[in-house]
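J.: The structure that follows is given in the form of structure tokens.
Every read-out reported here was derived from the displayed coordinates using simple, explicitly stated rules and does not represent laboratory data. On a predicted model such as this, the values are computed, not experimentally measured, just so you know. As a convention, Cβ positions derive from the backbone with ideal geometry for all residues, glycine included, and neighbour counts pool all protein chains shown.
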Amino acid sequence: MNKTLAAALLCAAATTPVFAQSQGHWYGALDFGTLAMKNSSFPDPNTMSVAGGYRFGPNLAAEGSVLFVSDSTRTDASGTVNARQGGLQLAAIGFIPLSPSFELFGKAGLGFHTVKMTDSTGAYDPYTTTNIILGAGAQVNFSSRFGMRLQYESLGKAKSSATDTGADISRLSVGALLNF
């Protein structure tokens, strides 16, 4: 297993100069997905994110994104409660190009996740949680300007207040990229 991993990494490093055309450019991305909320009684909402980044070379990029989350409503014996969420993410992305048109990536950074709860008594103040974000995915490049990606991100905890134990949140999304 270690020999196979070493050989794969050596091949990826040796082929990196082939991907020089991907050096030094800005890009934008639009991703659609779903937010999985563990330890929560709310249904999982849909998400959309708008991202912008700069690719420093074939193996490294920096990306910032805004996360839009559809409202999630829970109705039980005590009434109806609505959770409105959103977030901001700043991340570094490392790429392993496997061919000119396919690459794997890993992501690490910070996320700021805000939750605002509303029930029959009114709205509560929004509460923002700062989390470490870890993710991984694959990207297919159809041309030097257009690509698509599939990614999974672990986004940490979403809390509605300082005393809330929070929900563990993760996201699976698919999106399109445009290189400038």
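J.: Kindly identify region 24-179 as rounded, prolate or oblate by the Cα gyration tensor criterion: order the square roots of the eigenvalues as a ≥ b ≥ c, call it rounded if a/c is under 1.5, otherwise compare a/b with b/c, prolate if a/b is larger, else oblate. Mind dumping the intermediate values first?
T.: Working: a/c = 2.68, a/b = 2.38, b/c = 1.13.
Prolate is the answer for region 24-179, as a/c is 1.5 or above and a/b outweighs b/c.
J.: Here's another thing I want to ask about it. Compute the acute angle (0 to 90°) between the alpha-carbon long axis of helix 2-15 and the principal axis of greatest extent of the alpha-carbon atoms of the chain; round to the nearest 10°.
T.: Relative to the chain, helix 2-15 is tipped by roughly 70 degrees.
J.: Within 10 Å, Cβ to Cβ, of G135, how many net charges do the neighbouring residues add up to if Lys/Arg are +1 and Asp/Glu are -1? Don't skip to the end; give the middle numbers.
T.: Details: positive: K107, R171; negative: E153.
Summing Lys/Arg as +1 and Asp/Glu as -1 gives +1.
J.: Another question, if that's okay. Per residue of the chain, what 222 nm ellipticity follows from adding -39500 (n - 2.57) for every DSSP H run with n ≥ 4, rounded to the nearest 500? All intermediate terms of the calculation are to be shown ahead of the outcome.
T.: Working: 1 runs with 14 residues, N = 180.
Roughly -2500 deg cm²/dmol at 222 nm, from the helical runs in the chain.
J.: Now for a separate question. Using a cut-off of under 14 Å, list every residue of region 81-109 whose amide N is near the label point 7 Å from the Cα of T165 along the Cα-to-beta-carbon line.
T.: Residues passing the 14 Å test: none.
J.: Peptides 167-175, 99-107: what's the order by average Cβ count within 10 Å, highest mean first?
T.: Numbers: 167-175: 19.3, 99-107: 15.3.
The densest-packed peptide leads the list: 167-175, 99-107.
J.: Provide the net charge surrounding K38, with neighbours chosen by a C-beta distance below 11 Å and charges set as Lys +1, Arg +1, Asp -1, Glu -1.
T.: On the way: positive: K157; negative: D44, D168.
Computed value for this residue: -1.
J.: Now for a separate question. Using Cα pairs closer than 8 Å and at least 6 residues apart in sequence, work out the relative contact order for region 24-179, in percent.
T.: Working: 447 pairs, mean separation 34.5, N = 156.
Taking the mean separation of contacting Cα pairs over the length of region 24-179, I get 22 percent.
J.: Between T75 and A136, what is 0.36 nm times their sequence separation minus the Cα-Cα distance? Round to one decimal in nm. It would help to have the intermediate numbers written out before the result.
T.: Values: separation 61, 0.36 × 61 = 21.96 nm, distance 3.44 nm.
18.5 nm is the gain from fully extending T75 to A136.
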